[in-house]
Amino acid sequence: MNNTNAQQQPETWAEQLLKNKTAGELRRMHPKIQFFYLVSAAGAFAASFMFVGGVWLGANWHPSAWTTENWVAVGIALLMVGGITAGQYFSYSTGIKSGLMIFAKAVVILFALGSEISQTMEREAETVRNRSEQSEVFKATVGAIQSATNAPVQVSPVLADAQAAAATAQVEIDACERHRSKGQARVDKCLRIERGNLAAAQARIQTIQDQAATTAAANQSTALAMVDQAKQLQFDEKQHFQGIQFIQKIFGVSAIAAAFIFAFGIIGTFESMFWLLGALLGAIGQALKAYGLTPQGRLISDEYKEMGLMQDAPAPEPKQPHNEYAPSQSVGFSPSPTLAAFNQYKQSGHPVAAAAASADWLAGKLSGSPAPTSSFSEPLHTTRHAGGLTDTRLFRYLYTGVRQQVIDGEIKPTVRPITDAVTTIMRKNASQIGITPELMAKPQRQQIAESILSGLEKEGVVKRNDIDVGVGKPKYILSPKYLADLALRSTWNRELKKHCIDSPADDVLNKTADQDAIQRIINKGRKSGLGTAETQLSMNLKSSSEGAVKPVQKSSQKPLAKGEDETLSKPLAKGQSGLYGEWVAAVSEKQCRPSVNATWSWIQKRISNKETGSRTHDRTRITSMQKAFFSRAMHEGLMQQNPNYRNGGKKYIWIG
Amino acid sequence: MNETNEATMQTVYYWQDGYWITDQEEAELLDSINAFGSEHTMLEIPAGEDIQQAVNEQLIKQAA
């Protein structure tokens with residue numbers, strides 16, 4: 001079910017980056033992307049500011065000519081556009097996914113697109129205007145208009161002659177009285193003649209003036225037509241960028257619509273990349289956080305410490321049921337949940353900070369309480385049904401592992417060996433816990449070691465070394481109680497080992513142990529009143545109850561069939577262990593490869609002469625046995641499926 | 001009543017080393033080759049109960 005859900009939900013960018021990039025690569029990518037992100041933000045700011053400022057200033061971009069009102073307008077535009085761009089800058093990289101955030105992003109994106117597209121269109125129109133005004137046709141038209149309108153007013157000679165004739169006739173009319181001496185008839189004749197001349201002259205004048213008016217009207221019409229033409233030529237649609245003209249022709253839209261599409265293409269791409277850079281930056285930040293690093297490559301724990309938050313970090317309270325390490329109910333094992341563990345691990349935040357918090361929690365939890373029931377032998381892979389490791393469980397795992405080694409006297413309770421033990425545990429179980437020591441800097445591991453030591457001290461496993469104080473002397477020593485246990489167990493270990501019984505319990509060796517010898521030791525322990533052997537047995541059982549499947553030996557074995565091949569195995573010869581134990585030993589000793597075919601053949605060879613006759617071990621049954629062996633081996637953490645399996649490669653890896 | 005009991009109970013097959021499975025046929029097959037050094041034992045427990053814990057309790061009882 002979980003797998004189905006996982007398949008349905010695509011991986012986030014941060015998850016994909018975690019899979020594809022190392023911490024170092026991510027850290028190196030971050031500043032580069034941040035630089036271009038800042039550049040993009042500056043570009044977005046400038047474009048939007050040009051638009052808003054242009055609208056408010058009326059394209060008056062000459063500060064020397066700005067009035068107080070203009071300066072105020074520019075200031076408001078700066079603040080407004082700055083705020084909007086900041087909204088874009090921070091919202092893109094937050095990684096927050098909520099309805100409100102989507103709405104906020106949509107608003108700022110719409111504003112940015114609107115303002116920047118408008119500004120782009122305005123700039124392009126300005127270019128068209130400049131190109132148009134620089135064209136020869138426009139210049140010629142403007143020149144023609146100027147010629148027409150600035151032509152000097154000239155009086156026509158014909159009109160002048162007519163006016164002169166009219167004037168002469170008027171003078172003659174006034175002088176007709178000079179003929180009075182010759183009689184009234186002569187005067188009348190003079191008046192008639194001159195009045196005729198005057199009328200003729202006036203008629204000519206009128207005709208000429210009418211002609212001039214007609215010509216002027218025609219010229220005016222021509223001039224007006226030229227002005228209209230000049231207006232069109234001043235913003236010539238043919239002067240648009242070729243790209244815009246192309247869009248215009250292809251889509252059959254107007255020039256302004258084509259300009260909008262053109263601008264949308266440019267600004268849309270820019271805004272998309274701006275958003276992409278921000279989102280990528282956020283994803284890198286998340287991925288680095290999963291590595292326990294800040295975007296600057298510093299340890300988050302250091303940052304927490306500087307901020308004084310380390311001690312106050314909320315201690316994650318594990319709420320797992322007691323049987324969290326128990327096998328799954330139906331099968332008994334399932335594939336290692338490396339990726340699931342990794343996902344949960346990285347989603348849990350900074351491991352060291354949380355681990356330190358866990359140490360405090362653990363220390364508080366364990367202080368004055370009985371020792372934890374879990375043990376180092378607790379197989380991590382059995383957390384499968386829990387879906388993977390949380391940081392708390394990672395720390396608990398490391399803590400219990402180291403704790404057991406300290407109690408067993410295998411490592412000294414000092415920082416260096418505990419750091420080494422942490423490293424070893426992480427390396428051995430990298431596939432299960434989803435993190436390798438290389439992913440965690442040594443100071444971080446040392447910090448974990450210090451946290452573990454602190455927890456062990458509070459738990460009472462170790463105490464301050466007040467006796468042997470000095471440079472180079474251990475700061476902590478095992479507490480007297482555990483020292484006594486160690487001595488006692490050491491005694492019993494020696495006794496058990498005499499009988500080829502490994503202690504602490506070992507899956508393989510214990511299967512080969514002499515069960516009668518174990519029983520004798522138990523009886524001896526009972527008689528002596530120490531009960532140590534019982535404790536040993538109980539310890540095994542207890543560990544087993546925690547999910548770590550440890551062998552609890554009991555003397556009920558199925559007798560082997562007669563005619564058994566003596567070369568099969570020594571344990572089987574005694575009937576102390578089963579075929580599975582033999583196979584585990586064989587694989588551990590590299591006498592059998594942990595592959596399907598090799599194991600199948602191995603089983604087939606060993607059971608071929610053990611058939612009871614009641615049932616034939618056909619190929620299918622042997623395959624079922626092989627699968628059952630693999631199932632148990634994986635359940636016990638001895639082998640796992642190869643996460644890097646490819647055709648022809650190893651499908652299973654032996655990790656026992 | 002019986003049907004209710006069957007529905008609320010589950011059967012597991014465990015060995016003396018604490019290992020258990022839920023498939024009877026597989027348990028018999030593994031016993032047929034003495035896979036785990038002992039013969040399996042059948043245990044019925046309420047469904048949903050911690051199987052490993054129940055098996056461990058049985059083993060402790062047997063060991064006592």
Legend entry - A:ILE173 vs. criteria aliphatic (A, V, I, L, M) and closer than 30 Å to A:ALA223 by Cβ: no
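I'd like to know if the range A:441-449 contains one or more residues that are aliphatic (A, V, I, L, M), at pLDDT 75 or above and buried (at least 18 other Cβ atoms within 10 Å of the Cβ).
Within the range A:441-449, one or more residues are aliphatic (A, V, I, L, M), at pLDDT 75 or above and buried (at least 18 other Cβ atoms within 10 Å of the Cβ).
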Legend entry - Residues of the range A:51-69 that turn out to be part of a helix (DSSP H, G or I) and closer than 24 Å to A:PHE111 by Cα, as a count: 7
Inset, instruction - Within the range A:200-209, work out how many residues are surrounded by fewer than 16 Cβ atoms within 10 Å (Cβ to Cβ) and within 13 Å of A:THR168 (Cβ to Cβ). - result: 1
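For the range A:124-148, which residues satisfy the criterion of being in contact (Cβ under 8 Å) with a residue 12 or more places away in the chain and of a type outside the set (Ser, Thr, Tyr)?
First, pick out the residues of the range A:124-148 that are in contact (Cβ under 8 Å) with a residue 12 or more places away in the chain: A:124-125, A:127-129, A:131-133, A:135, A:137-138, A:141-142, A:144-145, A:148.
Those that are in contact (Cβ under 8 Å) with a residue 12 or more places away in the chain and of a type outside the set (Ser, Thr, Tyr): A:GLU124, A:ALA125, A:VAL128, A:ARG129, A:ARG131, A:GLU133, A:VAL137, A:PHE138, A:VAL142, A:ALA144, A:ILE145, A:ALA148.
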Legend entry - For B:GLU39: the one exception among (1) under 20 Å from A:PHE629 (Cβ atoms); (2) without any contact (Cβ under 8 Å) to a residue 24 or more places away in the chain: (2)
Inset, instruction - Could you please tell me which pairs satisfy a Cβ distance under 9 Å, a separation of 6+ or placement on different chains, a first residue in the range A:263-279 that is more than 20 Å from A:ALA125 (Cα to Cα), and a second residue that is not in a helix (DSSP H, G or I)? - result: A:ALA279/A:GLY95
Inset, instruction - Output the residues belonging to the range B:1-19 that are modelled with pLDDT under 85 and either over 30 Å from A:TRP583 (Cα atoms) or assigned to a helix (DSSP H, G or I) (or both). - result: B:MET1, B:ASN2, B:GLU3, B:THR4, B:ASN5, B:GLU6, B:ALA7
Inset, instruction - Provide a single number: the residues in the range B:11-38 that are more than 19 Å from A:HIS635 (Cα to Cα) and surrounded by fewer than 17 Cβ atoms within 10 Å (Cβ to Cβ). - result: 3
Inset, instruction - Identify the single condition in (1) more than 10 Å from every other protein chain (Cβ to nearest Cβ); (2) under 23 Å from A:GLY578 (Cβ atoms); (3) at pLDDT 90 or above that B:GLN58 does not satisfy, given that it satisfies every other one. - result: (3)
Inset, instruction - Among what's in the range A:577-607 and is within 14 Å of another protein chain (Cβ to nearest Cβ), of a type in the set (Ser, Thr, Tyr) and under 19 Å from A:ARG621 (Cα atoms), pick the residue that is surrounded by the fewest Cβ atoms within 10 Å (Cβ to Cβ). - result: A:THR599
Inset, instruction - Check whether at least one residue in the range B:46-62 is touching a Lys or Arg at 6+ places or on another chain (Cβ under 6 Å), under 29 Å from A:ALA585 (Cα atoms) and in contact (Cβ under 8 Å) with a residue 12 or more places away in the chain, and report yes or no. - result: no
Inset, instruction - Just one of (1) in a loop (DSSP other than H, G, I, E, B); (2) more than 7 Å from every other protein chain (Cβ to nearest Cβ); (3) crowded, with 18+ Cβ neighbours inside 10 Å trips up B:GLY48, so point out which. - result: (3)
Legend entry - Number of the exception - B:VAL12 against (1) in contact (Cβ under 8 Å) with a residue 40 or more places away in the chain; (2) at the interface with chain A (Cβ under 7 Å from one of its Cβ atoms): (2)
Inset, instruction - State all residues of the range A:615-635 that are facing another protein chain (nearest Cβ under 10 Å) and either in contact with a His (Cβ under 9 Å, 6 or more places away or on another chain) or crowded, with 21+ Cβ neighbours inside 10 Å (or both); if no residue qualifies, say none. - result: A:MET625, A:ALA628, A:PHE629, A:ARG632, A:HIS635
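Quick check on the range B:20-45: of everything there that is part of a loop (DSSP other than H, G, I, E, B) and out of contact with any Asp or Glu (no Cβ under 8 Å at 6 or more places or on another chain), which residue is farthest from the other protein chains (Cβ to nearest Cβ)? Working first, answer last.
The initial filter retains those residues of the range B:20-45 that are part of a loop (DSSP other than H, G, I, E, B), namely B:22-23, B:33-40.
Checking the rest, the ones that are also out of contact with any Asp or Glu (no Cβ under 8 Å at 6 or more places or on another chain) come to B:22-23, B:33-35.
Working: B:THR22: 6, B:ASP23: 9, B:ILE33: 5, B:ASN34: 5, B:ALA35: 5 Å.
Only one residue fits best here, namely B:ASP23.
The values are calculated or read from the model by the stated rules, or taken from the named source; none is laboratory data. Keep in mind that what you see is a predicted model, and the values were worked out from it rather than measured. Counting neighbours? That spans all protein chains shown, and the Cβs are built from the backbone with ideal geometry, glycine included.
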